[in-house]
1. I want the local charge near ASN279. Using Cβ-Cβ distances under 12 Å, sum +1 for each Lys or Arg and -1 for each Asp or Glu among the other residues.
2. Whole-Hz Karplus ³J(HN,Hα) for segment 109-120, in order, using 6.51 cos²θ - 1.76 cosθ + 1.60 and θ = phi - 60°, x for Gly and Pro?
3. Show me the ranking of peptides 129-136, 284-291 by mean Cβ neighbours inside 10 Å, starting with the highest.
4. List every residue whose amide H lies under 5 Å from the amide H of PHE246, counting only residues 5 or more places away in sequence or on a different chain, with H placed 1.01 Å from N in the peptide plane.
5. Work out from phi, with θ = phi - 60° and the Karplus expression 6.51 cos²θ - 1.76 cosθ + 1.60, the ³J(HN,Hα) of each residue of segment 297-303, listed in order in whole Hz, and give x for Gly and Pro.
6. Starting from the Cα-Cα distance between ARG274 and SER88, subtract it from 0.36 nm times their residue separation and give me the gain in nm to one decimal.
7. Based on the mean of other beta carbon atoms within 10 Å per residue, what is the order of 221-233, 76-88, most packed first?
8. Give the peptides 263-271, 312-320, 107-115 in descending order of average Cβ contacts within 10 Å, highest first.
Amino acid sequence: MKGYKAVLNLCVQFLPILVVAYACIAIAFYAIPHLPISNKRTFHAMLRAQITLDQEKENQSRANATHHLLLLGSSVVERGINQSYLDSSFGELHLNLYATNAGAGGFFANSNLIMFRALLEHGLRPDRVVYGVFLQELNGKSIIHASVTDDDSTDIQIKSKSLSNVIRYGPNSLSSILDGQNFHIYLFALNHAFNDVHNPNFFQRLSFGENMFERDSSYRLEQSYLKDLNAIYELCKKYHIPFAFFNAPVRPQVESLADMPYLHKSEAYLAVQRIAEQNRIPIWNFDNSTLFSDAEFLDSYHLNANGAHKMTQLLADKIAKWNSGIIEQDVLANSTDSVRYEVKGSLLRTAFHF
């Protein structure tokens with residue numbers, strides 16, 4: 001009996017602490033913008049999903065553009081496309097379209113597939129989806145790939161922000177942002193990857209971080225990465241969402257023979273081009289030495305603010321042509337074995353004209 005009372009007394013004393021702890025978690029959770037709730041520790045993918053869902057709610061009250069373009073990809077999309085400038089470019093081109101840049105730094109099609117699936121499960125139906133590919137996207141020998149290793153990623157979900165979900169999943173979600181790498185990802189996402197900052201201050205330069213891509217990596221075309229890209233397209237096909245690819249640019253100057261991935265451009269881009277050709281979907285090549293100079297890059301793969309401005313305008317022009325019914329496939333427009341042709345799609349123009 002004495003032992004029972006001791007345990008009961010301990011529970012009575014512990015209960016207020018537990019209540020206060022969960023109250024603090026709930027307050028922190030609702031106070032931190034865009035903090036996602038997930039049933040598993042997949043902060044990077046779910047953060048972008050939550051930001052996209054939150055932005056979509058904000059855009060519902062907009063009186064102008066009513067059709068939604070969703071951009072997927074890695075940091076070359078996150079940094080390389082200026083979302084607000086893309087919106088203004090659409091306005092100048094008279095396209096009834098607004099954009100959400102859901103590019104997630106450091107993560108590739110594997111994580112984008114999880115995020116896109118979560119968005120669809122929450123009822124988001126973008127009117128068009130564009131995925132930005134870059135040179136290392138399919139490299140199975142690269143150590144920079146950060147992917148979700150869960151055996152069955154199909155059961156990874158983003159949860160609604162109900163109090164019950166905050167109590168159940170909140171501690172896990174809140175602890176994720178305390179991780180240094182995740183906090184850096186969060187800062188980047190909240191500040192649109194600083195892709196509109198032309199003269200970064202000390203804090204912004206610190207937030208940029210350093211991109212340590214292995215310049216001398218060997219290259220192996222990884223079929224599972226290609227399957228993830230194809231799975232994203234198949235989801236779009238299932239929900240009748242027009243889909244397109246683009247190749248993000250890499251710095252034109254090859255500094256040394258250590259820049260091994262540069263030797264595999266054709267191999268990497270042709271693999272994606274085959275998906276586009278088989279399904280008659282657009283693929284646009286911006287990895288062209290005549291388009292960008294070395295001065296428009298932060299490093300070998302990422303554009304600076306000036307480069308992002310140019311890249312955004314180029315993409316807007318391509319989307320305008322796509323909207324008019326032109327399907328361009330110009331992956332290797334810079335090489336002798338290039339394939340470029342245009343298909344007039346009257347059905348596409350009729351069904352998806354904005």
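The values are calculated or read from the model by the stated rules, or taken from the named source; none is laboratory data. Predicted model only: the values in this text are computed from it and were never measured. Heads up, the Cβs are rebuilt from the backbone with ideal geometry, glycines too, and the neighbour counts pull from every protein chain shown. Each accessible area value is taken on the protein alone, full model and side chains, heavy atoms only, with ligands, DNA and RNA left out. Shrake-Rupley method; radii C 1.70, N 1.55, O 1.52, S 1.80 Å.
1. Once positives and negatives cancel, what remains is +1.
2. Values per residue, Gly and Pro as x: 4, 4, 6, 5, 5, 4, 5, 5, 4, 5, 4, 5 Hz.
3. Final packing ranking: 129-136, 284-291.
4. Those lying under 5 Å, H to H, from PHE246 are TYR131, GLY132, VAL133, TRP284.
5. Running phi through 6.51 cos²θ - 1.76 cosθ + 1.60 with θ = phi - 60° gives 10, 7, 7, 5, 10, 10, 7 Hz.
6. Result for the pair: 63.7 nm of gain on full extension.
7. So the order, starting with the most tightly packed, is 76-88, 221-233.
8. Per-residue mean Cβ counts within 10 Å order the peptides as 107-115, 312-320, 263-271.
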